[in-house]
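Comments concern the structure below.
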Amino acid sequence: MKKSFLVAEVAQAHEGSVNLAISFIDLVKKAGYDAIKFQIHLSEFETTYNDKFRPGTKNFNSSRFEYWRKMELSLNDWIKISSYSKKVGLNFICSVFCNESIEILKKLPNLHSIKISSGEMYNKELIILLKKLNKPFIISTGMASIIEIKNLISFLKQNKIINYNLLHCVSSYPTKLEDTNLSKVNFFKKNYNIQLGYSDHTGIKEVIMTAVSLNCPIIENHICLNKKIIGPDTSSSLLPSEMKEISEFNNIYNYVLNSKFSEKKIKKINNVKKLFSKSLSLNKNIIKGDIIKTEDITLKKPGTGLKFEDRKKVIGRRARQNLSKYKLLKLSDLTK
């Protein structure tokens with residue numbers, strides 16, 4: 001069983017700053033994650049002035065269009081960010097939301113895979129164009145029914161797209177515990193022989209650890225610097241310190257699950273077994289010549305002497321000499 005591949009989603013937490021984006025790379029690497037994910041946005045080709053913020057989201061921009069524009073980075077910026085990710089040994093993943101963004105993806109030096117967001121899983125044209133990059137797909141299914149997921153799988157098969165992972169996701173921010181529905185992971189494994197990954201929006205580390213224990217191959221969560229920062233994804237995000245705990249749990253869970261029990265370890269346990277188990281002994285002192293009766297026999301530590309199964313060899317025999325109840329019984333203590 002392989003470890004879960006942990007992905008940190010920065011989304012718009014970089015606030016349009018290249019330096020802040022690079023700082024996130026350092027934090028994600030330090031947290032022990034496998035990959036960092038960004039979203040490439042080109043507002044001109046993605047949205048309109050009619051685009052509204054999610055209900056309950058706090059934002060100081062006059063429109064969502066303006067917000068997306070502020071989050072945009074240049075091609076050189078993305079190359080710099082991707083290159084730095086490669087330098088520190090962190091896999092680089094991107095989501096795109098329009099055909100025009102593909103030109104940026106083509107020029108990135110460290111593109112591990114392409115993320116298809118829940119909203120774009122219905123964008124067949126975009127998926128077909130992205131196929132030409134020959135990169136693995138990670139596809140969230142946060143807005144899809146079971147039938148829609150099955151249809152997506154059929155579409156991928158028809159277009160000979162085989163290198164992909166589907167992520168269970170709930171597109172509510174933050175996702176309530178009662179809505180998490182991680183049982184869907186086992187449902188798809190049992191009924192469709194599909195191992196779902198998980199994209200988290202709860203912002204609760206224990207939920208992600210649960211996904212690790214379900215052997216999700218890929219797990220993604222949002223990252224933030226402070227849970228008091230105003231942003232569309234802050235309530236659904238985790239702190240770097242929480243992510244460090246998740247990666248440590250991922251390592252330990254995988255190690256314990258896959259560790260083998262060697263002969264050397266068995267011998268060591270057998271020595272402990274002798275220390276904690278018991279052997280035949282007496283519950284009273286016996287005088288030389290007395291016959292050992294059933295009621296005279298008991299079990300006492302350590303387990304280095306006669307076993308319980310040996311009691312028939314003892315009962316009915318005479319003591320060769322005076323015997324103490326504080327010593328283990330030996331066959332040499334007895335006559336026939």
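The values are calculated or read from the model by the stated rules, or taken from the named source; none is laboratory data. Just so we're clear, the structure is a prediction, and the values are computed from it rather than from any experiment. Neighbour counts run over all protein chains shown; Cβ positions are idealised from the backbone, glycine included. Heavy atoms of the whole protein, side chains included, go into the accessibility calculation; ligands, DNA and RNA do not. Shrake-Rupley method; radii C 1.70, N 1.55, O 1.52, S 1.80 Å.
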Read through the labelled values [x] 106, 42, 37; [y] 79, 50, 35; [z] 53, 52, 38 and report the label of the one computed as Cα extents along the principal axes in Å from the structure.
[x]
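How much of the accessible area of the chain, in percent, comes from carbon and sulfur atoms when a 1.4 Å probe is used?
C and S atoms contribute 54 percent here.
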Let me have the relative contact order for the chain, percent, based on Cα pairs under 8 Å that are six or more residues apart.
15
Greater than 31 Å apart at Cα, pairs in K190/K227; K135/K184; K29/K260:
K190/K227
Compute the distance in nm between two label points, each set 7 Å from the Cα along the Cα-to-Cβ direction, one at D179 and one at L257.
2.8
Rounded to the nearest 20 Debye, what is the dipole magnitude of the chain about its Cα centre when Lys and Arg each give +1 and Asp and Glu each give -1 at the C-beta?
3520
Please give every one of the aspartates and glutamates within straight-line cross-link reach of K30, meaning a C-alpha to C-alpha distance under 17 Å, and leave out same-chain neighbours fewer than 8 residues apart.
E9, E220, E242, E245, E248
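Sorted by average packing, counted as other Cβ atoms within 10 angstrom per residue and highest first, what order do 193-200, 143-150 take?
193-200, 143-150
Could you do me a favour and compute the accessible area per residue for the chain, 1.4 Å probe, result in Å²?
55
Going highest first, how would you order 100-108, 64-72 by mean Cβ packing within 10 Å?
64-72, 100-108
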Here the range 310-316 yields Karplus 3J(HN,Hα) values (6.51, -1.76, 1.60; θ = phi - 60°; whole Hz; Gly and Pro given as x) of 8, 4, 5, 7, 9, 5, x
Of all DSSP beta bridges with both partners in the chain, the antiparallel percent, nearest 5, is 20
For the chain, build the charge dipole from Cβ charges (+1 Lys, Arg; -1 Asp, Glu) around the Cα centre, then report which of V96, T180, S281 sits farthest towards its positive end.
S281
